[in-house]
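Please read the structure below before turning to the comments.
The values are calculated or read from the model by the stated rules, or taken from the named source; none is laboratory data. Predicted model only: the values in this text are computed from it and were never measured. Quick reminder, even Gly has a Cβ in these numbers, built from the backbone with ideal geometry, and neighbours come from all protein chains shown. Areas reflect the complete protein model, heavy atoms only, side chains present, ligands, DNA and RNA absent. Shrake-Rupley method; radii C 1.70, N 1.55, O 1.52, S 1.80 Å.
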Amino acid sequence: MRQRPIGTATRGTTNPNRLRRMDRWIAAAHGPALRRADAPVAVDLGYGAAPWTAVELLARLRTAEPRTAVAGIEIDPDRVAAAKPYEREGLTFVHGGFEIPLPVRPSLIRAANVLRQYDEDQVAEVWARLRSRLAPDGLLVEGTCDEIGRRHVWVALGPEGPRTVTFATRLGSLERPSDLAERLPKALIHRNVPGEPVHGFLRDFDRAWAAASPYASLGARQRWIAAVRAVAADWPVVDGVRRWRQGEVTVDWEALRPDDRPSG
């Protein structure tokens, strides 16, 4: 007998192109792993009341690896039924939850805006369950964005545990980098207080942004690049200018990990 889906239904809020920044990063960062996989499968976990994010994930990942298939997984059976007409070659919709009820281990699990309704002390257990379902070189991407995808923060995890935290934004909408704090994932959002690493990072990023104000005349992109380059002198930024130009910066998880949280 199939087990009951694990988890609870989200509000279901979704909009076209809401996850484009995350998808763009995944295609660039995880594309090589998708190409190495014998039959790459990606999961859009908790896609919501409409299937747009799963449809878009398929299109975007196929630019990196045309063989990629996507499974949208939802705990609400009515949402699965509503999505079924959108199935096509390489795209399916499945009733399930954190147990990831697929016959194969996926190369990617994307869980966007899923854990905001959970308590902080539940996050590690959910992460561990999802990581256990990954293929050996798979990736879990878990994070939060605003309703139209202008601001987004996510954690990337391998089977071994958390690896990085990425901050991504539409630069024209940004007053200061700490504006992204409201989109921190559940593991970090309550830790944006003095004494916690993520607070220190955003404080230093704001200072670097202010110091880079002369670059504003050249555009927000050049100011962002200058600010990231400055903050990288003190924090382990793991990407380069090519990603910064997209309004992104990725930092090693260990530098932002809550002080009382185990690394895995």
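List of remarks:
- Spans of strands (runs of 3 or more DSSP E) in the stretch 55-155 with at least 1 residues open to solvent by 40 Å² or more (accessible area, probe 1.4 Å) and hydroxyl-bearing (Ser, Thr, Tyr): 91-95
- Some residue of the stretch 171-179 being assigned to a helix (DSSP H, G or I), open to solvent by less than 30 Å² (accessible area, probe 1.4 Å) and among the polar types (S, T, N, Q): yes
- For the stretch 20-54, the set of residues classified as surrounded by fewer than 17 Cβ atoms within 10 Å (Cβ to Cβ) and not in a helix (DSSP H, G or I) consists of 38, 39, listed by residue number.
- Residue count for the stretch 193-225 satisfying the condition of being farther than 21 Å from residue 238 by Cβ and either small (Gly, Ala, Ser) or not in a helix (DSSP H, G or I) (or both): 10.
- Residues considered: 53, 68. Of these, the only one that is of a type in the set (S, T, N, Q) and under 17 Å from residue 135 (Cα atoms) is 68.
- For the stretch 225-242, the criterion of being modelled with pLDDT of 95 or more, hydrophobic (A, V, I, L, M, F, W, C) and surrounded by fewer than 16 Cβ atoms within 10 Å (Cβ to Cβ) is met by at least one residue.
- The residue list 13, 8 contains one member that is within 16 Å of residue 149 (Cα to Cα), open to solvent by 30 Å² or more (accessible area, probe 1.4 Å) and in contact (Cβ under 8 Å) with a residue 60 or more places away in the chain, which is 13.
- Residue count, the stretch 16-28 (criterion: closer than 14 Å to residue 49 by Cα and out of contact with any Phe, Trp or Tyr (no Cβ under 7 Å at 6 or more places or on another chain)): 1
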